[in-house]
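Only one structure is covered here, and it is reproduced in the block below.
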Amino acid sequence: MTEMTDVSPPRGRTALRPWMLVLPALLFLAGFFVAPLIDNGARSFLGEEGGFTLARYWQLLSDRFYLGVIFETVALSAGVTLISALIGYPVAYFLVRKAGKWSGLVIFLLIAPLLTSIIMRTFGWQVLFARRGLVNNLLVDQIGLLDRPLRLLNTPEIAIAALVHVLVPFMVLSIASVLQGVDRRLEESAQMLGAGRVRTFFEVTLPLSLDGVGTGAILVFMIANGSFVTLVLLGGGLQTLPLLIYQQFNTTRDFGMASAMSTILLVIALVCLWLQLRLVRRQGG
């Protein structure tokens, strides 16, 4: 018999190969993500004359104004997430179950807002809803339903609608990807056992698609939690942490306070991420 030779690579070389593939990504994240976060957090604890201080965090967590801003930030992000889910789930269901050959067009219409700059999209809202914009011109001059233009800009409703307009595609695509994998035979079995379409949806389809809802909620909440360009350009009187951070960097130049606000914003995002993941897992997603 011919003696078989061992052609397997050396054990050490095999062990190093996966780390070599991951190393560039780890170095990139360490240099451009972890290091700035550490520097930002360290600056928030640095006093004006040097040394360690918690004065900024005490001010943020004890002052009524800052507590109101934190609450409004979380409430705005949660509200945008809820509205996006209520709008996005029917669209995702239609895309997966009813669109058929039109699914490509639906997907294009969904991602079309993401193909333009956020500043251009926001200026588009201003063109539509300004005092002499297209909507007011149509209602006052063309149709004659109103005697004077409506005040549509600089309201919370328009700012929230603009955020939802941008973030709904994330919710739709997250839900649609999970709905695509739901076995329709389960729904058919439920209907054969006597369940109607509504009961089948709430007891079979919806629970099986909660993973997509949770993923979309995480994406939408995270992006809404850090949005400030839309709020700056459309106004509405909303006071959120991203707006205050922007003001601290560009107006008061208080980088330590801005760093403390950024850290609190990051903690809020991480806590909400943890809560959403726990909820999805508890529901069986």
Notebook entry, point to check: Do any residues in the range 189-210 that are in contact (Cβ under 8 Å) with a residue 40 or more places away in the chain have Cβ atoms under 6 Å from those of residues that are open to solvent by 60 Å² or more (accessible area, probe 1.4 Å), where the two are at least six apart or on different chains, and which pairs are they?
Noted result: LEU210/GLN283
Notebook entry, point to check: Looking at (1) under 16 Å from THR73 (Cβ atoms); (2) touching a helix residue (DSSP H, G or I) at 6+ places or on another chain (Cβ under 9 Å), which is the one condition that is false for LEU270?
Noted result: (2)
Note to self: I'm trying to understand the selection: among the residues of the range 25-59, which are open to solvent by less than 80 Å² (accessible area, probe 1.4 Å) and among the aromatic types (Phe, Trp, Tyr)?
What the structure shows: PHE45, TYR57
Margin query: Looking at VAL271, VAL229 in this structure, which one is modelled with pLDDT of 85 or more and either in contact with a Leu (Cβ under 6 Å, 6 or more places away or on another chain) or among the β-branched types (Val, Ile, Thr) (or both)?
Written below: VAL271
Notebook entry, point to check: Here are ILE87, ILE107: which of them is assigned by TED's automatic domain parsing to the domain that holds ILE223, within 30 Å of LEU146 (Cβ to Cβ), of a type outside the set (D, E, K, R) and at pLDDT 85 or above?
Noted result: ILE87
Next item on the list: Answer yes if at least one residue in the range 104-119 is of a type in the set (S, T, N, Q) and either in contact with a strand residue (DSSP E or B) (Cβ under 8 Å, 6 or more places away or on another chain) or assigned to a helix (DSSP H, G or I) (or both), and no otherwise.
Entry: no
Next item on the list: With respect to ALA190, determine if the residue is in contact with a helix residue (DSSP H, G or I) (Cβ under 6 Å, 6 or more places away or on another chain) and modelled with pLDDT of 85 or more.
Entry: no
Check: Looking at LEU138, LEU145, LEU152, LEU163, which one is over 30 Å from GLN239 (Cβ atoms) and either open to solvent by less than 80 Å² (accessible area, probe 1.4 Å) or not in a helix (DSSP H, G or I) (or both)?
Finding: LEU145
Note to self: Among the residues that make up the range 174-185, is at least one of them part of a helix (DSSP H, G or I), open to solvent by 40 Å² or more (accessible area, probe 1.4 Å) and either of a type in the set (D, E, K, R) or not assigned by TED's automatic domain parsing to the domain that holds PHE201 (or both)?
What the structure shows: yes
Note to self: Take the residues in the range 193-202 that are more than 21 Å from VAL172 (Cβ to Cβ) and at pLDDT 85 or above; name whichever of them is most open to solvent (accessible area, probe 1.4 Å).
What the structure shows: ARG199
Next item on the list: Would you mind listing the helices (runs of 4 or more DSSP H) fully within the range 187-285 where at least 1 residues are in the same structural domain as ALA85 (by TED's automatic domain parsing) and either touching a strand residue (DSSP E or B) at 6+ places or on another chain (Cβ under 6 Å) or more than 30 Å from LEU152 (Cβ to Cβ) (or both)?
Entry: 197-200, 210-225, 255-282
Check: Among the numbered criteria (1) surrounded by 15 or more Cβ atoms within 10 Å (Cβ to Cβ); (2) free of Cβ contacts under 8 Å to residues at least 12 places away in the same chain, which single criterion is violated by GLY79?
Finding: (2)
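The values are calculated or read from the model by the stated rules, or taken from the named source; none is laboratory data. The structure displayed is predicted, hence computed values, not measured ones. In this analysis, Cβ positions are derived from the backbone assuming ideal geometry, glycine residues included, and neighbour counts consider all displayed protein chains. The area values use the complete protein model at the heavy-atom level, side chains included, leaving out ligands, DNA and RNA. Shrake-Rupley method; radii C 1.70, N 1.55, O 1.52, S 1.80 Å.
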